[in-house]
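One structure below.
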Amino acid sequence: MKLVILDGNRVNPGDLSWEGFEALGELTVYDRTPLTDGDEIVRRIGDSEIVLTNKTPLSRSTLEQCPAIRYIGLLATGYNVVDTAAARERGIPVCNVPGYGTQSVAQFAIALLLEICCRAGHHDQAVHQGRWSECPDYCFWDYPLMELAGKTMGIIGYGSIGQAVGGIAAALGMEVIAYGPHPWAAGSRPAPYVPLEELLGRSDVVSLHCPLFPETRGIIRRETIAMMKDGAILLNNSRGPLLVEQDVADALRTGKLYAAGVDVMDAEPPQPDSPLLTAKNCIITPHISWAPLEARRRLIGIAVENLRAFLDGAPSNVVNP
């Protein structure tokens, strides 16, 4: 059986092993495949029965030209790069990897928040530039510092990641409120569910942890920003298009938003003219919340188990049943 990984580099740049997949068939791994070159995607798949992808798109046309495909495995949670309907029509299960990065993503959301409140990186750089040495006092800071205890965090999307973020925020002494389509389940971390308008109006920090659906695209835009507290902090390490970037940049410029911390953007990598790149008090990191070694090891492990389950006749984590 032939297996192909179309874009393995981001998931495994060399610090992990593909041996789990190698044990299941003849494996070919490409570090990257051109995302817009449909002919090359088809060529690389060839007569492979098992196709694994992180961000390389698998369109209806690609599936039609690769009749040997029996199984598509995502090396990710999101599956918008695959035409799942076309795969279903051809009897091809598409399986994703949920839950592998819950703790890593939650940790990173709080890291963005702490950097906004404490500016550890900024002050480290200032010390190394000699500015503390030149200071007449025993301590030095040139950025407003903020304590989180007693403040309110509003979490939009209270699934496993949102709950993990809420747990850390509560440990920091914050009040946590949540908004989402489904009340929290038994055994989860409870937080009061409130309407979106109330959450935006009460929260000192708004943190986004919801999937990208038509109803959540642009959920943070001019109209909803107007509902927020003056000087609120916005965090997004979920999906870039949850924000209307120009509206967020405008709110940062006017001070309606005090700061933003984002790990995802509308276009990735961002275009040079992205308004967030020049926005005031906006911390941007390059989509790395998911990337700690431990999380990527879990990702590969779950992807291998997904394939084993398919070969055993009981596929798991199927997104196109």
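The values are calculated or read from the model by the stated rules, or taken from the named source; none is laboratory data. It should be emphasised that the depicted structure is a prediction, and the values quoted were computed from it without experimental measurement. Neighbour counts run over all protein chains shown; Cβ positions are idealised from the backbone, glycine included. Only protein heavy atoms, including side chains, enter the accessible area calculation; ligands, DNA and RNA are left aside. Shrake-Rupley method; radii C 1.70, N 1.55, O 1.52, S 1.80 Å.
The figures follow:
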item: Nearest-ten-degree value, helix 160-171 long axis tilted from longest Cα axis of the chain; result: 30
item: Hits among aspartates and glutamates - C-alpha to C-alpha of LYS280 under 12 Å, sequence gap 8 or more where chains match; result: ASP250
item: FRET efficiency, 1/(1 + (r/R0)^6) with R0 56 Å, evaluated for ASP142 and ARG43 via beta carbons; result: 0.50
item: All Cα pairs of segment 173-321, percent lying beyond 24 Å; result: 45
item: Relative frequency of Cα-Cα separations exceeding 35 Å in the chain, percent; result: 30
item: Equivalent ellipsoid dimensions for segment 194-246 as semi-axes, Å, which come from the Cα gyration tensor, largest first; result: 17, 11, 11
item: Folded to 0 to 90 degrees: helix 293-311 orientation relative to the chain principal axis, Cα; result: 30
item: Sum of -39500 (n - 2.57) over DSSP H runs of 4+, divided by residues of the chain (222 nm, nearest 500); result: -9500 deg cm²/dmol
item: Solvent-accessible area per residue for segment 120-164 (1.4 angstrom probe, square angstrom); result: 62
item: Separation of the CYS118 and LEU293 label points, Cα + 7 Å toward Cβ, nm; result: 2.3
item: Total charge dipole magnitude, segment 51-137, about the Cα centre, Cβ charges on Lys, Arg, Asp, Glu only, Debye to nearest 20; result: 480
item: Alpha-carbon Rg/Rh ratio, for segment 79-189, with Rh computed the Kirkwood way; result: 1.19
item: Approximate spin-label separation ALA226-SER59, in nm, with each point projected 7 Å along Cα-to-Cβ; result: 3.9
item: Chain lengthening between PHE213 and SER17 when straightened (0.36 nm per residue, less Cα-Cα); result: 67.2 nm
item: Residues of type aspartates and glutamates that LYS229 reaches as a straight line, Cα spacing below 12 Å, ignoring anything fewer than 8 places off in the same chain; result: GLU197, GLU198, ASP204
item: Sequence ranges 112-119, 214-221, 163-170, ranked by mean other-Cβ count within 10 angstrom, highest first; result: 163-170, 112-119, 214-221
item: Accessible area expressed per residue, segment 249-321, with surrounding protein chains retained (probe 1.4 Å, Å²); result: 49
item: Solvent-accessible area, 1.4 Å probe, carbon plus sulfur percent, for the chain; result: 53
item: Whole-Å distance, taken between Cα centres, linking segment 92-141 and segment 21-37; result: 34
item: Normalised per residue, the volume of the convex hull around the Cα set of segment 1-114 (Å³); result: 116
item: Reachable lysines, given that their alpha-carbon falls under 27 Å from the alpha-carbon of LYS2 and they are not under 8 places away in the same chain; result: LYS55
item: Which of GLY8, GLY157, ALA303, positive extreme of dipole for the chain (C-beta unit charges); result: GLY157
